[in-house]
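Data first, discussion second: the structure below is written as structure tokens.
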Amino acid sequence: MVLQAIEDTDVVFARTVRLLKHWNCTHSKPMCSWNIKALCLGCLEEPMPPINALQIFFTYAADEIDKGQTPDPAGVAGPIPLNMPRRDVHKRLHTAKEYIDLAIEHEEAGRPLSAQHALHQVLPELVPDADGTPEEAARLARTVLAGGTAASGLGLATLLGTSTRPRAWGD
């Protein structure tokens, strides 16, 4: 099954599994190697860029782990156990998915340093950290100049660039 998946995906399956093993080792080993491979068998079926394979895996794996233990895809053994409570594994998978989504969003918007910083959160041993502060400052400045919203330090969104109306009781 694994050899067929490697062939069907033009080796993307094997490369993604290697990346996921790095993720697993740097995030307290929530899953065993076979669990990663079994989940990949359920969602990686064709060639694609590695970032997309990671996005598909983390989305699929979080959904599957939320349902319960992963069944053995070969059907020769029982469900594949996790190395920590299911809720904790799901949280780690969901967090990784969020960072991968963010990395893709930044890359598509032309912010490669911010994308690299987000990807570093998932694969810190493989992807060096980058300072995306200048890119984010430029993005916020463009947003404000366009009359959009900017996030305040309190996590609130404030509409900026609009004209203020006089108060009803006068100035």
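The values are calculated or read from the model by the stated rules, or taken from the named source; none is laboratory data. As the structure is a prediction and not an experimental result, all values here were calculated from the model. Cβ atoms come from the backbone with ideal geometry, glycine included; neighbour counts cover every protein chain shown. Surface areas here come from the heavy atoms of the whole protein model, side chains and all, with no ligands, DNA or RNA. Shrake-Rupley method; radii C 1.70, N 1.55, O 1.52, S 1.80 Å.
Considering every residue within region 31-39, establish whether at least one is within 14 Å of THR95 (Cα to Cα) and free of Cβ contacts under 8 Å to residues at least 40 places away in the same chain. If you could, list the steps in order and put the result at the bottom.
Taking region 31-39 first, the residues within 14 Å of THR95 (Cα to Cα) are none.
So far as region 31-39 goes, no, none of its residues is within 14 Å of THR95 (Cα to Cα) and free of Cβ contacts under 8 Å to residues at least 40 places away in the same chain.
Condition check: modelled with pLDDT under 95, touching a helix residue (DSSP H, G or I) at 6+ places or on another chain (Cβ under 9 Å) and surrounded by fewer than 18 Cβ atoms within 10 Å (Cβ to Cβ). Does ALA74 satisfy that?
So ALA74 passes the test.
Only one of (1) closer than 29 Å to LEU3 by Cα; (2) touching a Gly at 6+ places or on another chain (Cβ under 7 Å); (3) in a loop (DSSP other than H, G, I, E, B) is not met by GLY147, so which one is it?
Going through (1) closer than 29 Å to LEU3 by Cα; (2) touching a Gly at 6+ places or on another chain (Cβ under 7 Å); (3) in a loop (DSSP other than H, G, I, E, B) one by one, GLY147 breaks only (1).
What are the residues in region 62-71 that are of a type outside the set (Asp, Glu) and open to solvent by 80 Å² or more (accessible area, probe 1.4 Å), if any?
LYS67, GLN69, PRO71
Could you please give the count of residues in region 108-118 that are in contact (Cβ under 8 Å) with a residue 12 or more places away in the chain and either outside any helix (DSSP H, G or I) or touching a helix residue (DSSP H, G or I) at 6+ places or on another chain (Cβ under 6 Å) (or both)?
Looking only at that region, the number is 6.
Suppose we keep only residues that are farther than 30 Å from GLU135 by Cβ and part of a helix (DSSP H, G or I) within region 84-103. Which one would you say is most open to solvent (accessible area, probe 1.4 Å)?
ARG87
Which condition from (1) loosely packed, with under 14 Cβ neighbours inside 10 Å; (2) part of a helix (DSSP H, G or I) is the one that PRO47 breaks?
(2)
Taking the condition surrounded by 14 or more Cβ atoms within 10 Å (Cβ to Cβ), modelled with pLDDT of 95 or more and within 19 Å of VAL127 (Cα to Cα), does LEU113 pass? Talk me through it step by step, then tell me what you get.
Values: surrounded by 14 or more Cβ atoms within 10 Å (Cβ to Cβ): yes; modelled with pLDDT of 95 or more: no; within 19 Å of VAL127 (Cα to Cα): yes.
Criteria not met by LEU113.
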